[in-house]
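What follows is one structure encoded as C-alpha cells, with my remarks underneath.
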Amino acid sequence: MSMAIAHFAMGSACTILVVAVLLPSVPYPRVLGLLGGGWAMIPDFHWISPVFAAELKLFHGSALANVFWFHNALDVADTTDSKAVAAGALALLAVATAVAEHRSYRALEPIRAYARGDDE
C-alpha cells in the first residue's frame, strides 16, 4: 500500500492536468486540484470510519477503487510504502502544476476572452 500523500498527490496531479486540458475556463481550477486529491483518498476511508470498516476495506482492495485516480493500482505497484514513490508523486504534482500554470499564463487574449464568455 502506498502512502496517503502519494495518493493525494497523484489524484491532485491528474485532476490538474484534466482541468488544464479539458476545462480551461472552469472557475477555481486550483480548488478542483485539491478536491481531486481528496477524491483519490476516498478508498482509504476505512482507516478512520467508525462504521462498516470491514466492508470499506474490501472496497479498498477491489478494482473499482481505481475510479479514485488509480488508487488500487498505486497500492499494488507500491507494496512497501516507499518514500521514493511518494516523492515521485509529489514531483508529478509539481510538474503538473507548473504545466497548468504555464498554459494559463501563455494563453492569448482572444482565447482568454472566449473562455470568459466575452462577446466580441
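The values are calculated or read from the model by the stated rules, or taken from the named source; none is laboratory data. Here the structure is a predicted model, which means the values were calculated and not measured. For neighbour counting, all protein chains shown are included, and Cβ atoms are generated from backbone atoms with ideal geometry for every residue, glycine included. Side chains included, ligands, DNA and RNA excluded: accessible areas come from the protein's heavy atoms. Shrake-Rupley method; radii C 1.70, N 1.55, O 1.52, S 1.80 Å.
Here 45, 8 are screened, and the one residue that is closer than 18 Å to residue 77 by Cα and of a type in the set (Phe, Trp, Tyr) is 8.
I want to confirm something. Restricting to the stretch 67-120 and keeping residues that are part of a loop (DSSP other than H, G, I, E, B) and open to solvent by 80 Å² or more (accessible area, probe 1.4 Å), which single residue is nearest to residue 33 (Cα to Cα)?
If we filter the stretch 67-120 for residues that are part of a loop (DSSP other than H, G, I, E, B), which is where we start, we get 68-70, 78-82, 107-108, 117-120.
Among the residues that remain, those that are also open to solvent by 80 Å² or more (accessible area, probe 1.4 Å) are: 70, 79-80, 108, 119-120.
Working: 70: 16, 79: 26, 80: 27, 108: 23, 119: 29, 120: 31 Å.
The qualifying residue nearest to residue 33 (Cα to Cα) is 70.
Per the listing 90, 108, 64, 74, the residue uniquely over 25 Å from residue 43 (Cβ atoms) and either at pLDDT 75 or above or of a type in the set (A, V, I, L, M, F, W, C) (or both) is 108.
Of the residues that sit in the stretch 32-44 and are crowded, with 17+ Cβ neighbours inside 10 Å and among the aliphatic types (A, V, I, L, M), which one is farthest from residue 97 (Cα to Cα)?
My answer is 42.
The criterion of being under 16 Å from the mean Cα position of the chain (by Cα), in contact (Cβ under 8 Å) with a residue 60 or more places away in the chain and within 25 Å of residue 18 (Cβ to Cβ) holds for residue 74. Residue pairs whose Cβ atoms lie under 8 Å apart, sitting 6 or more positions apart in sequence or on different chains, and linking a residue in the stretch 24-49 that is without any contact (Cβ under 8 Å) to a residue 24 or more places away in the chain to a partner that is among the basic types (Lys, Arg), are 46/57.
Scan the stretch 45-66 and give yes if some residue there is outside any helix (DSSP H, G or I), more than 17 Å from the chain's Cα centre (by Cα) and buried (at least 17 other Cβ atoms within 10 Å of the Cβ), otherwise no. Step through it out loud before you land on a result.
We begin by selecting, within the stretch 45-66, every residue outside any helix (DSSP H, G or I); these are 48-52, 61-62.
From what's left, more than 17 Å from the chain's Cα centre (by Cα): 48-52, 61-62.
The next check asks that each one be buried (at least 17 other Cβ atoms within 10 Å of the Cβ); those that pass are none.
No, the conditions are met nowhere in the stretch 45-66.
The residue list 39, 69 contains one member that is modelled with pLDDT of 95 or more, at positive phi and of a type in the set (Phe, Trp, Tyr), which is 69. Given the condition more than 20 Å from residue 95 (Cβ to Cβ) and open to solvent by 30 Å² or more (accessible area, probe 1.4 Å), answer yes or no: does some residue in the stretch 18-25 qualify? Checked against the condition, which is being more than 20 Å from residue 95 (Cβ to Cβ) and open to solvent by 30 Å² or more (accessible area, probe 1.4 Å), the stretch 18-25 yields at least one hit.
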